[in-house]
Amino acid sequence: MFCKFANRETSIYLTVLFVNVFLAFLQRILAERRKDMNIKEKIRELCSKNDITFHKLEKELGFGNGYFTRLRDKMPSDRLEKVADYFGISTEELLGGDADTFTFVLTNDSMSPDLANGSVLIVQPQAVADSGDVVIARQNGSQSPVCRRLMKYRDMLMLTSFNPAYPPEPLDGEILGKVIESRRKW
């Protein structure tokens, strides 16, 4: 043991505490490593866990021979969804996001040129945001959420677009989350 303690219970308690702290530390290191993995490494890890080869996965998903071998850092969102569905995980898990995030696919040019139509946005769920943050919001009376920059003007919150063709509008609904990352389809 590390040192002598007054009683056995204290010694056991401190040992268990040390082991728990060490395990939490290891889990954090592994989580950070998984976040830093590129898409190809993540798919390789999933294949290994599910006892499947790249070749078999390519064939089952209808991708060309050698697709994963040639894959670099980016993957089209439609193929990303196929891989995630195949393994029964979300696209954000496959992209390295944590379980507390969700994805939003931009389906118009309202945020161009910075965020293109088809961009996959990683969103941190939260009901409030700072002025200047890019958010996903749902206006009252609308079923579809929108991606806009939140701006505070005096006592009013406005949703503005990067594209000047879309006029600013007051926030008349709820903020669903803050965009923390974007991934673009090439």
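The values are calculated or read from the model by the stated rules, or taken from the named source; none is laboratory data. Please read all numbers here as calculations on a predicted model, not as lab measurements. Positions of Cβ are generated from backbone atoms using ideal geometry, with glycine treated the same way; all protein chains shown enter the neighbour counts.
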Qualifying position, being assigned to a strand (DSSP E or B) and either in contact with a Lys or Arg (Cβ under 9 Å, 6 or more places away or on another chain) or modelled with pLDDT of 90 or more (or both), among Leu115, Leu159: Leu159
task: Please tell me if Leu71 is more than 19 Å from the chain's Cα centre (by Cα) and surrounded by 12 or more Cβ atoms within 10 Å (Cβ to Cβ).
output: yes
- prompt: Among all residue pairs at least 6 apart or on different chains, which show Cβ distances below 6 Å where the first residue, located in the range 146-159, is within 8 Å of Leu171 (Cβ to Cβ) and the second is outside any strand (DSSP E or B) and of a type in the set (D, E, K, R)?
  reply: Leu150/Asp133
field: Selection count, the range 42-60, where residues are assigned to a helix (DSSP H, G or I) and in contact with a helix residue (DSSP H, G or I) (Cβ under 9 Å, 6 or more places away or on another chain)
entry: 13
query: Hey, among the residues in the range 74-97 that are within 13 Å of the chain's Cα centre (by Cα) and assigned to a loop (DSSP other than H, G, I, E, B), which one's modelled with the lowest pLDDT?
result: Gly97
- prompt: Counting only residues that are modelled with pLDDT under 90, surrounded by 11 or more Cβ atoms within 10 Å (Cβ to Cβ) and assigned to a loop (DSSP other than H, G, I, E, B), how many does the range 129-144 have?
  reply: 2
field: Pair list, Cβ < 8 Å and 6+ apart or interchain, from the range 40-57 residues that are surrounded by 14 or more Cβ atoms within 10 Å (Cβ to Cβ) and of a type outside the set (A, V, I, L, M, F, W, C) to residues that are modelled with pLDDT under 85 and part of a helix (DSSP H, G or I)
entry: Lys40/Phe68; Lys42/Arg34; Lys42/Leu94; Arg44/Phe68
- prompt: Out of the range 162-186, which residues are small (Gly, Ala, Ser) and not in a loop (DSSP other than H, G, I, E, B)?
  reply: Gly173, Gly177, Ser182
- request: Among residues belonging to the range 98-112 that are among the β-branched types (Val, Ile, Thr) and assigned to a loop (DSSP other than H, G, I, E, B), point out the one that is farthest from Pro76 (Cα to Cα).
  value: Thr101
